[in-house]
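What follows is calculated from the coordinates using simple rules that are stated; it is not laboratory data. Model, not experiment: these values are computed from the prediction. Counting neighbours? That spans all protein chains shown, and the Cβs are built from the backbone with ideal geometry, glycine included.
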Amino acid sequence: MGGGETFGGLQAMAENVPDGRPVFPMVAADRFFDEPEPREDGALTALIGWGSRANKAQRGGMLRLVQWMHEAPDAERRVILILFDSFQGRLPCGAVNSIAGSAGCSVETVRVAMKRFSKYFPDAISKQRHALQ
């Protein structure tokens, strides 16, 4: 007998033992009066709720972000994520090559990504190329 076959039957019996605890019959119906019903569209409902409470500038910013995300391909989204995560929106000398290497794309894709992002958010990327401090 091999080591794996010795405890195969015993292990199967131990794993398939019923829990034994009774299930409360009113599990789905017993909720507090203010507790929402479970739904599939939780994130969408939360976004609509946030939109109803947000001010006009916040809603406009979210709309521009969604428009940019709809237009930009994945490589450009990675470029912008790396730009803001690593360089906080500033472009020091040599950053374009570093971003292209990290995002796995060409330098031309980085240029197009920054141009497209600047179309939706004009002041997000610094126009001055200076060293990080």
Two-decimal ratio, segment 73-124, of alpha-carbon radius of gyration to 2.2 N^0.38 Å = 0.98
Between Ser52 and Lys127, what FRET efficiency follows from the Cβ-Cβ distance if R0 is 30 Å, with the result rounded to 0.05?
-> 0.25
Kindly write out, for segment 55-66 in residue order, the coupling ³J(HN,Hα) from the Karplus curve 6.51 cos²θ - 1.76 cosθ + 1.60 (θ = phi - 60°), rounded to whole Hz, with x marking Gly and Pro.
-> 7, 4, 5, 5, 5, x, x, 5, 5, 5, 4, 5
Spatially proximal lysines relative to Lys127 (Cα-Cα < 16 Å; intrachain offsets below 8 disregarded) = Lys115, Lys119
